[in-house]
Amino acid sequence: MNLYLDGNLLHSWDQYFQIIKQLDFLRLITLTGNRFAKIDENYLEGKNIAQMIHTHLYEIVLIEMGLDWSQIMILAPTLLYVENLHLCRNYCSKISSIHQIPVDHFKLLKFINLEENGIESWDEVIGFSKLPNLRRLVLDKNRIKDITYKSGFA
């Protein structure tokens, strides 16, 4: 089952979790253009994370949502089964320089699209090299001037 909620008036991650919890066979959700309130770094504290993880949801599309990578990091423990993650036209310009990519949370991730995020350095994405199943990393329309070889990417 796929669910397309692009350009709606959804405004919170609580709404997102309420929706996916009720759709057992959801495989893909797209939320393009919704502007969720920025989540607090302690958002998951005191919550039953196991109940927030959807085991069938393999693709999430979060395009033009005003997200930065720190918000993705907060949500990472709930994304254990996600294989395809689309984050185009957000504010994910600072990734590896600020955060360690949590391999245990993204170990099934095969594809990540970071098109048009204002990424200026290859060093911002080098952390993805540790992900064992990553096969495609899309970085179109960013500001990367040089790509220097660093071991790690398969």
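The values are calculated or read from the model by the stated rules, or taken from the named source; none is laboratory data. Please read all numbers here as calculations on a predicted model, not as lab measurements. In this analysis, Cβ positions are derived from the backbone assuming ideal geometry, glycine residues included, and neighbour counts consider all displayed protein chains.
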Item to complete: Output the residue which, of all residues in segment 77-114 that are crowded, with 18+ Cβ neighbours inside 10 Å and touching a strand residue (DSSP E or B) at 6+ places or on another chain (Cβ under 6 Å), is nearest to T55 (Cα to Cα).
Response: V82
Item to complete: Scan segment 125-154 for residues that are within 18 Å of K110 (Cα to Cα) and of a type in the set (D, E) and jot them down.
Response: D140
Worksheet item: N90 versus (1) more than 23 Å from G7 (Cα to Cα); (2) in a loop (DSSP other than H, G, I, E, B); (3) not basic (K, R): which is the lone unmet condition?
Response: (1)
Discussion item. When the residues of segment 115-133 are narrowed to those that are among the polar types (S, T, N, Q) and part of a loop (DSSP other than H, G, I, E, B), which ends up surrounded by the most Cβ atoms within 10 Å (Cβ to Cβ)?
Written reply: N117
Fill in: Residue that is surrounded by the fewest Cβ atoms within 10 Å (Cβ to Cβ) [pool: residues in segment 34-55 that are touching a helix residue (DSSP H, G or I) at 6+ places or on another chain (Cβ under 7 Å) and charged (D, E, K, R)]
E41
Practice prompt. Go through (1) within 20 Å of I144 (Cα to Cα); (2) modelled with pLDDT of 95 or more one by one and return the number of the condition L109 breaks.
Written response: (1)
Item to complete: Kindly indicate which of I63, I112 is in a loop (DSSP other than H, G, I, E, B), without any contact (Cβ under 8 Å) to a residue 60 or more places away in the chain, on the phi < 0 side of the Ramachandran plot and among the β-branched types (V, I, T).
Response: I63
Worksheet entry | Candidate set from segment 1-26 (those that are in contact with a strand residue (DSSP E or B) (Cβ under 9 Å, 6 or more places away or on another chain) and surrounded by fewer than 14 Cβ atoms within 10 Å (Cβ to Cβ)); member that is farthest from I72 (Cα to Cα) | M1
Worksheet item: Do you know which of the residues in segment 102-131 that are among the β-branched types (V, I, T) and over 11 Å from the mean Cα position of the chain (by Cα) is nearest to L67 (Cα to Cα)?
Response: I119
Discussion item. So, in segment 117-126, exactly how many residues are of a type in the set (G, A, S) and either without any contact (Cβ under 8 Å) to a residue 24 or more places away in the chain or farther than 16 Å from Y149 by Cβ (or both)?
Written reply: 1
Worksheet, complete the sentence: When segment 134-154 is checked residue by residue, the ones that are surrounded by fewer than 13 Cβ atoms within 10 Å (Cβ to Cβ) and modelled with pLDDT under 95 are K145, D146, I147, T148, Y149, K150, S151, G152, A154
Item to complete: Please determine, by comparing only the residues of segment 59-76 that are under 17 Å from N34 (Cα atoms) and among the aliphatic types (A, V, I, L, M), which one is surrounded by the most Cβ atoms within 10 Å (Cβ to Cβ).
Response: L62
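Given the criterion among the basic types (K, R) and over 16 Å from M73 (Cα atoms), identify the matching residue among K107, K145. Before the answer, list the steps.
Details: K107 fails: over 16 Å from M73 (Cα atoms).
Every option except K145 fails the conditions.
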